[in-house]
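The values are calculated or read from the model by the stated rules, or taken from the named source; none is laboratory data. Source: prediction; values computed, not measured. Glycine gets a Cβ as well: all are built from the backbone with ideal geometry, and neighbour counts include every protein chain shown.
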Amino acid sequence: MKIVIISASQRAESQSAKVANYLAEIVQGFESINHIELCKQNLPLWDGKEISKVDNASDWLAINSELKKADAFILITPEWGGMASPLLKNFLLMCTSEDVAHKPTLLVSVVSGINGAYPIAELNMSAFKNNKLVSIPDHLIIRYVEDVLNTHTDKNKKLSDRDNSIRQRINYSLHTLTHYSKALKGLRNHFAMQPYLGQEKYNFGM
């Protein structure tokens, strides 16, 4: 199985990318792990037309090739003003159900303080209507992110209670995502072999 991790901060050397790298190191059950940092990609602001995805030396075709092959996703966004990042929302608008439908997705919100719930609620409410990604219930909120999931040069240094707690929570969420991936792969294979008659009429959610 293959997993794609999307980190969606608009800043280079971001905490979102740090979290993505940590998840890529510890996730199990996938033969291929690909981390895509959106701020390092050339993606146009989508205007609703398919041709706009590939204008001006866009990296969309290469990214979309990875999305098609993926069995699961992790979407990581910073919380800015209570919202998910514009880069992530633009990316999700570009995704189509033909490529990503019925693939499980772990949502991760990254925040420097105590908040972080709003991006999860925003994405669950409005981000998956047409692309039909499946958000699993065990999302993650990485609070006080600067203080956790850091690489320690001193291997004997004891982790803080907060750091240890979020690492354990991450292990659980990744375990859940792996099992969703196995289950939904079978579902997608069933849909491919026995499509619903007239299924093409229902590409968009209500």
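Somewhere in region 27-47, is a residue among the acidic types (Asp, Glu), under 18 Å from residue 178 (Cα atoms) and part of a loop (DSSP other than H, G, I, E, B)? Explain how you work it out, then say what you get.
Here is the first cut: in region 27-47, the ones among the acidic types (Asp, Glu) are 31, 37, 47.
Add one more test, that the residue is under 18 Å from residue 178 (Cα atoms), and what stays is 31.
Now narrow it down to the ones that are part of a loop (DSSP other than H, G, I, E, B): 31.
The answer is yes, given that some residue of region 27-47 is among the acidic types (Asp, Glu), under 18 Å from residue 178 (Cα atoms) and part of a loop (DSSP other than H, G, I, E, B).
Would you check if residue 123 is touching a residue at least 40 places away in the same chain (Cβ under 8 Å), touching an Asp or Glu at 6+ places or on another chain (Cβ under 8 Å) and not β-branched (Val, Ile, Thr)?
Answer is no for this residue.
Filter region 12-35 down to the residues that are loosely packed, with under 15 Cβ neighbours inside 10 Å and touching a residue at least 60 places away in the same chain (Cβ under 8 Å), then identify the one that is farthest from residue 99 (Cα to Cα).
26
Of the residues 133, 93, 75, which single one is under 15 Å from residue 38 (Cβ atoms), in contact (Cβ under 8 Å) with a residue 40 or more places away in the chain, among the aliphatic types (A, V, I, L, M) and buried (at least 21 other Cβ atoms within 10 Å of the Cβ)?
75
Look through region 136-146, keep the residues that are more than 12 Å from the chain's Cα centre (by Cα) and assigned to a loop (DSSP other than H, G, I, E, B), and return whichever of them is surrounded by the most Cβ atoms within 10 Å (Cβ to Cβ). Talk me through it step by step, then tell me what you get.
Going residue by residue through region 136-146, those that are more than 12 Å from the chain's Cα centre (by Cα) are 137-138, 141-146.
Filter once more, so that each one left must be assigned to a loop (DSSP other than H, G, I, E, B): 137-138, 143-144.
Working: 137: 10, 138: 16, 143: 19, 144: 15.
Of everything passing the filter in region 136-146, 143 is surrounded by the most Cβ atoms within 10 Å (Cβ to Cβ).
Can you tell me which residue among 149, 187, 159 is aliphatic (A, V, I, L, M), at pLDDT below 95 and either on the phi > 0 side of the Ramachandran plot or not in a helix (DSSP H, G or I) (or both)?
Working: 149 fails: at pLDDT below 95; 187 fails: either on the phi > 0 side of the Ramachandran plot or not in a helix (DSSP H, G or I) (or both).
Going through 149, 187, 159 in turn, just one is aliphatic (A, V, I, L, M), at pLDDT below 95 and either on the phi > 0 side of the Ramachandran plot or not in a helix (DSSP H, G or I) (or both): 159.
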